[in-house]
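One structure is given below, encoded as structure tokens.
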Amino acid sequence: MRVFVTGATGFIGSALVPELLKAGHEVLGLARSDAGAKWLAEAGAEVQRGDLEDLDSLRRGAASAQAVIHLAFIHDFQKFRQNCEIDRRAIEAMGAVLAGQDRTLIVTSGLALASRGRLATEDDPSEPVSENFPRASEAAAAGLQGVRTMVVRLPQVHDRRKQGLITWLVQLAKEKGVSAYLGEGKTRWAAAHVSDVARLYRLAMEKGESGARYHAVAEEEIPLRQIAEAIGQGLGLPVASVAPEDALAHFGWLTRFLTWDLTGSSAKTRKELGWDPVGPDLITDLASLRFS
């Protein structure tokens, strides 16, 4: 199958492209830079130059493919609302090209607010788009007509170099000399190794059902205190609690995420796709930070 991948040179994309090629698929990867284009070519993929705001480039890439895997997102969370709108327009532009041709579009979302007080499941709808929750990936995909759409919801995706939102906690720990957690550190986040996540995208493309949601969850709920302790161990730094009234001063824009349980089950995903995550767990990767 010929696959157009946005975010092809990013953290997950750089694991997904070899995964697809190894499975015998052709890959056309979106690249913003000369360095990204060079990496794709050396990996054995074709190159589509452009970015998320270049809708013509996205349309050309989608038009030449049997499937699109949309990984790209601008991870500047201080401009979260603006970047969510860019994401929505990108999905709609590619979906319009794919419409009526029995082709696949897989979009990327997260576990945020999919449920409250329990593990989110694949049957839980996304939080409705609002001022407080502007990410419209799932809503944009659901609004497309004549396209075989699927959603992959991501937890904290990690290896020894990057760990999703936890990457910023690691940076803060280095800057402030302490690995911190909020309050009692009872908030819980799900996680999965990047190699397992890449394999899940491939399986969804090959075997997934139109309209399905899939959860790339290997570990369902890890307390933030345990995460902070692993960061402290990995960096050789002390670990401390930050009181809620001091959270914004210490954590900045991360504060609201630290109050959300970003947890989920992948039982349905594993059963339907035969996905069995085998990569290292999050705490193992965080404990290796000083060696990364």
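Applying the criteria of a DSSP loop state and at most 16 other Cβ atoms within 10 Å to the chymotrypsin sites (Phe, Trp or Tyr not before Pro) of the stretch 184-273 yields 260. Across all directions, the average projected area of the convex hull around the alpha carbons of the stretch 50-180 is 9.8 nm². Under a 5 Å amide H cut-off, with hydrogens placed 1.01 Å from N, residue 164 pairs with 157 among residues at least 5 apart or on other chains.
What order do you get for 177-185, 225-233 when each peptide is scored by the mean count of other beta carbon atoms within 10 Å, highest first?
Details: 177-185: 18.8, 225-233: 21.2.
The peptides rank, most packed first, as 225-233, 177-185.
Computed from the alpha carbon atoms alone, the convex hull of the stretch 158-220 holds 104 Å³ per residue. Each peptide in 131-139, 76-84, 103-111 gets a packing score, the mean of other Cβ atoms within 10 Å over its residues, and the list from highest to lowest is 103-111, 131-139, 76-84. Taking 0.36 nm per residue of sequence separation and removing the Cα-Cα distance, the residue 171/residue 42 pair yields an extension gain of 43.3 nm.
May I ask for the angle, rounded to the nearest 10°, between helix 194-207 and the longest principal axis of the chain, with both axes built from Cα atoms and the value confined to 0 to 90°? The helix 194-207 is inclined about 30 degrees to the chain.
Residue-normalised convex hull volume from the C-alpha trace of the stretch 122-231: 130 Å³ per residue.
Taking only Cα atoms and a 10 Å spring cutoff, compute GNM fluctuations for the chain and point out the largest among 62, 112, 41. Of the options given, 41 has the highest mean-square fluctuation. In the complete set of protein chains, residue-level accessible area for residue 169 is approximately 20 Å², probe 1.4 angstrom.
The largest-to-smallest principal axis extents of the Cα set in the stretch 1-55 are 30, 20, 18 Å. Quick one, which of (1) 36, 19, 17; (2) 32, 20, 18; (3) 46, 22, 15 is the actual semi-axes √(5λ) of the Cα gyration tensor in Å calculated for this model? Evaluating semi-axes √(5λ) of the Cα gyration tensor in Å on these atoms matches (2).
Helix 13-22 and the longest principal axis of the Cα set of the chain meet at an angle near 50°.
The values are calculated or read from the model by the stated rules, or taken from the named source; none is laboratory data. Since the structure is predicted, the reported quantities are computational estimates derived from the model, not experimental observations. Cβ sites come from the backbone with ideal geometry, for glycine too, and all protein chains shown count toward neighbours. Please note that ligands, DNA and RNA were not included when accessible areas were found on the heavy atoms of the full protein model with its side chains. Shrake-Rupley method; radii C 1.70, N 1.55, O 1.52, S 1.80 Å.
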